[in-house]
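The structure appears below as structure tokens.
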Amino acid sequence: MAFANSSITDIIATTIQSRSRKIADNVTSNNALLARLKSRGKIKTFSGGNTIMQELSFAENSNAGWYSGYDLLPVGTADVISAAEFNIKQAAVPVVISGLEQLQNSGREQMIDLLEGRLSVAESTMANLLSDGIYSDGTGSGGKEVDGLNAAIPLDPTAASYGGIDGNVFTFWQNYVKDATSLTQADMNLVWSKIVRGSDRPDLIACDSVFWNAYLALLQTNQRFSNTSTGDAGFQSVKFMDADVVLDGGIYTTSTAGTTGAAGVPTGVAFYLNTDYIFWRPHRDRNMVALSPNRRYATNQDAEVQILGWAGNLTCSGRQFQARHDVNA
């Protein structure tokens, strides 16, 4: 029978609840893309439903045109709005307190100190878990992982449906891909030009250390302009055109391009991102909160547990404005 101190789990739950915003902020600060989405107001909660719907425009209004004087204007129905559909993904980090630890930390202050340490670990663990998911292809953990950039911007945008839309059928739902054995300025210019539409252009290029070092080698000393606001967010950047080029992963990146469940940006890869069309969509009631703050006891252990939980997904409403540049030999 579990040791039951009625106040312990309440302390865990209320501590998680009071820190939920801080935990969520720490998660966004742990990843260059999430930090950018937060700064641009692209973190949008959803309130319910079986899936996450991300509205998108897939065609122009066919009624548009020139006219003169009393010409009749076309007013036909223009079906130009649809939506991509994403599954709700879930993540959790349990915080466990054994009966012995409860006895050893029987004073309230001592218990709070213990919980602070445990929750700090839970925060960083959740941040790393979700950051990994940002660059995954969504197939990790049996398809339970976030549909990250390897799903949104794959090497073959026609190989699998994304957001319920088949890129093999709908060309507007294809990202651009440049696969090369080395990095050149001409290739970067080409990739950039392929996803620019008027004022629509990439604002963030997230890359791994291989691509980052290759890009720095292309630059002359007087061309290395850093971005203060991105640096203030904890990510050192240089510029390509007017986009921030950010090293996201560094020594933490151990994967090869296309590997599922990749830690950080895959090796030798840069994602050219127009974040006007990318969204982080947590559920409003499951964004770093305690799951059902009722007491949870182990049935066959002297322990109590509270769970830090998150639910949502990364979504995209404009796949054609995103690109992937691989420079793997």
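The values are calculated or read from the model by the stated rules, or taken from the named source; none is laboratory data. None of the values given here were measured: they were computed from a predicted structure. Here Cβ is always computed from backbone atoms with ideal geometry, including for glycine, and neighbour counts include all displayed protein chains.
Test residue 100 against the criterion of being at pLDDT below 90, in a helix (DSSP H, G or I), surrounded by fewer than 12 Cβ atoms within 10 Å (Cβ to Cβ) and of a type outside the set (Phe, Trp, Tyr), and give yes or no.
Considered against the rule, which asks whether it is at pLDDT below 90, in a helix (DSSP H, G or I), surrounded by fewer than 12 Cβ atoms within 10 Å (Cβ to Cβ) and of a type outside the set (Phe, Trp, Tyr), residue 100 comes out as yes.
Do we find a residue being outside any loop (DSSP other than H, G, I, E, B) and either out of contact with any Pro (no Cβ under 9 Å at 6 or more places or on another chain) or not acidic (Asp, Glu) (or both) anywhere in segment 153-161? No - not one qualifying residue is present in segment 153-161.
Among the residues of segment 115-126, those identified as closer than 10 Å to residue 93 by Cβ and in contact (Cβ under 8 Å) with a residue 40 or more places away in the chain are 119, 122, 123, 124, 126. When residues in segment 150-180 are screened for being in contact with a Gly (Cβ under 9 Å, 6 or more places away or on another chain), over 28 Å from residue 310 (Cβ atoms) and free of Cβ contacts under 8 Å to residues at least 60 places away in the same chain, 3 of them pass. Taking first residues from segment 299-317 that are without any contact (Cβ under 8 Å) to a residue 12 or more places away in the chain and partners that are surrounded by fewer than 17 Cβ atoms within 10 Å (Cβ to Cβ), the Cβ contacts under 9 Å between residues at least 6 apart in sequence or on separate chains come to 300/2. Remark: pairs (first residue in segment 128-144, closer than 14 Å to residue 90 by Cβ; second residue part of a loop (DSSP other than H, G, I, E, B) and of a type in the set (Val, Ile, Thr); Cβ separation under 6 Å; 6+ apart in sequence or on different chains) = 133/146; 140/260.
Do we have residue 183 as within 27 Å of residue 282 (Cα to Cα) and either surrounded by fewer than 17 Cβ atoms within 10 Å (Cβ to Cβ) or touching a residue at least 60 places away in the same chain (Cβ under 8 Å) (or both) here? Write out each step before concluding.
Values: within 27 Å of residue 282 (Cα to Cα): no; either surrounded by fewer than 17 Cβ atoms within 10 Å (Cβ to Cβ) or touching a residue at least 60 places away in the same chain (Cβ under 8 Å) (or both): yes.
Spelling it out, it is not the case that residue 183 is within 27 Å of residue 282 (Cα to Cα) and either surrounded by fewer than 17 Cβ atoms within 10 Å (Cβ to Cβ) or touching a residue at least 60 places away in the same chain (Cβ under 8 Å) (or both).
Being closer than 16 Å to residue 289 by Cα, at pLDDT below 90 and not aliphatic (A, V, I, L, M) is a property that residue 45 lacks.
Comparison of 122, 152, 160 shows that the only residue that is over 15 Å from the mean Cα position of the chain (by Cα) and buried (at least 22 other Cβ atoms within 10 Å of the Cβ) is 122. Out of the residues in segment 267-295 that are hydrophobic (A, V, I, L, M, F, W, C) and at pLDDT below 90, state the one that is nearest to residue 195 (Cα to Cα). Filtering segment 267-295 for residues that are hydrophobic (A, V, I, L, M, F, W, C) and at pLDDT below 90, the one nearest to residue 195 (Cα to Cα) comes out as 288.
Are any residues in segment 192-207 assigned to a helix (DSSP H, G or I) and under 22 Å from the mean Cα position of the chain (by Cα), and if so, which ones?
Pass one, segment 192-207, residues assigned to a helix (DSSP H, G or I): 192-194.
Selection gives 192 alone.
Being under 22 Å from residue 159 (Cβ atoms), assigned to a helix (DSSP H, G or I) and of a type outside the set (Val, Ile, Thr) is the filter here, so list the residues in segment 170-189 that pass it.
Residues of segment 170-189 under 22 Å from residue 159 (Cβ atoms): 170-181.
If we keep only those that are assigned to a helix (DSSP H, G or I) as well, we get 171-173.
Passing the criteria: 172, 173.
Of the set (1) surrounded by fewer than 21 Cβ atoms within 10 Å (Cβ to Cβ); (2) of a type in the set (D, E, K, R); (3) touching a residue at least 60 places away in the same chain (Cβ under 8 Å), all apply to residue 147 but (1). Only residues that are more than 24 Å from residue 56 (Cα to Cα) and exposed (fewer than 14 other Cβ atoms within 10 Å of the Cβ) were counted across segment 163-178, and they come to 0.
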